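The values are calculated or read from the model by the stated rules, or taken from the named source; none is laboratory data. All of these numbers come straight from a predicted model, not from anything done at the bench. Cβ placement follows ideal geometry from the backbone for every residue including glycine, while neighbour counts extend to all protein chains displayed.
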């Protein structure tokens, strides 16, 4: 299964914004929660499983298709702070256009691209 970087971004931002993912309990996301839809359930489950494995999300992978999750990790919050600018639609469109030129982009690379964009907007990078 391929990484869908846009769905990954939507899942992480959804976890960050949802009050129930405060670390007090394990929750198994269902259709209608976060960016999980009936048509992308398997892909969302796969990505959330990988996000748990990579240490971006605290949770438990199980034999069920969807892991249970409790909160974002410090590492993920730092990453989201770096890539906060991609919430701006024109910036996200620009980054997606740049990513089309390569076969895949890791979430860390996406953070570096966003960081470069922030630097350019602040006049720090020429």
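What are the residues in the range 4-32 that are assigned to a helix (DSSP H, G or I) and loosely packed, with under 11 Cβ neighbours inside 10 Å, if any?
17
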Starting from the range 102-126, keep only residues that are over 14 Å from residue 80 (Cβ atoms), then list their pairs with residues that are exposed (fewer than 13 other Cβ atoms within 10 Å of the Cβ) and modelled with pLDDT of 75 or more whose Cβ atoms are within a distance under 6 Å, requiring at least 6 positions of separation or different chains.
125/119
Taking the range 67-103, which residues are part of a loop (DSSP other than H, G, I, E, B), modelled with pLDDT of 75 or more and within 30 Å of residue 26 (Cβ to Cβ)?
67, 73
